[in-house]
Every structure is written in structure tokens, then in C-alpha cells.
Amino acid sequence: MSGEFSFGLHFQRANTLPLASQGAVPLVSDSFAVTRGGAVLTPVNTTAALTNNNFIAFVDGRNGGILQRGFIRQGFGLFSKQDRNRWEFAARLQNVAGKHTVKYGLEWGRNIYKINTISTGTPITYPDPLNNTGGDKDNVTIGQRITNNFGVCIAVSATAAQCPASALTNRFQALITGGVGPAGITSVSTATLSG
């Protein structure tokens, strides 16, 4: 009779953690941002609204600047604590009896994954539209990530813009209708595209 026994273990920590100073700062990113002289141009909020009462903001980039995609304004975003543990055991045995050999054994393994991935930022409690409170009825976030989805249009006249989608053209027209006028409309005709 012969036997072979083996045992193995693997402990892995795959943590992606922000600096302590960034833990309470939510991630704020822009699909597009215009930067000039190393500073991000701040979006201008307006009272111009679409039919669903969402207000429209804009950034005017006609006086030069760089258009950047996927711009991070602040924050770290998702951070993760991961424990990955694996335990293994194997036994392989063999018996020889005359002209016959019998082999048998077992293998056992256990993988344990504990992965906790959340966003930076402070918790926010949103009111329940049904006015229920307490327990699991509160809408509480652990952290938050905010993405500003801007489109890019070029003002071609005082009342028209060239936009890549009709929804953006409708927003451009809502700015004009709302009295903002083309002086405040996003234009990148003189900006350079990077990223």
C-alpha cells in the first residue's frame, strides 16, 4: 500500500482603498468637461427645462479650452475590500494485490470570497414617496457616485446648433426658449478634443 497526502491553503487580500481624506468625498465625474488654463469650466445652471421639469445646465467653451471625456472632478469612486481564501486537501492511495492495483482517493477544496465594494461619500437618506419610515423602508445609500452627462453641440447661428443627437438639439432649443440665448450655449468649435 502507498499513499500520498497533500494540503494547501491560499490567503489573498485584494483591497483597493482610498486615502482616509477621500473616504467621505463622493465621486463626481463628467461625461465631457471643458478645461481652460488647467481649471474646469463650471456648468451654468438655468431655469430652462424640458417637459419632464429637468433643468438644463451648460458649459460655454467657445472662448477656447480643451474638451475632455470621462473627466473626474473629485473623489475616488468605488473602493473594495476583498478576502479570497482557499483550502485544499487531497489523499491518493493505492493497493497492490497480485496482478491487480486498486487506486482510490479524495480531493476536497473550499473557496471563500468576501467582497465588499462600495462608493466613497457620506450616507444619504432619501425620503420615501409613500411616507413610510423606519426599518428597511428608508432609502439610505452607503456612498454616492455622480455622473454629469453632457452632450456637445456647436452653435451655428443665434437660433440653431449642430448636435449629434435630436435630444441634444431639443435641449439647445429649450435653452433658447428659456431666454438663455446662444451666448450661453455649449460650443466647442474652437476647442481641441483630447482623450
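A few points about this structure:
- Volume per residue of the C-alpha convex hull in the stretch 54-97, rounded to whole Å³: 231 Å³
- On full extension, the segment bounded by K99 and V44 gains 10.9 nm, given 0.36 nm per residue less the C-alpha separation.
- Under the simplified labelling scheme, the N139-A160 pair shows an inter-label distance of 4.1 nm, with each label point 7 Å from Cα along Cα→Cβ.
- Computed from the C-beta positions of F7 and I72, the FRET efficiency with R₀ = 41 Å rounds to 0.35.
- Paramagnetic reach from E88 in the stretch 1-41 [backbone N under 11 Å; point 7 Å along Cα→Cβ]: 6-10
Bear in mind that the values in this text are calculations on the coordinates, not laboratory data. What you are looking at is a predicted structure, and each value in this text was computed from that prediction instead of being measured. Quick reminder, even Gly has a Cβ in these numbers, built from the backbone with ideal geometry, and neighbours come from all protein chains shown.
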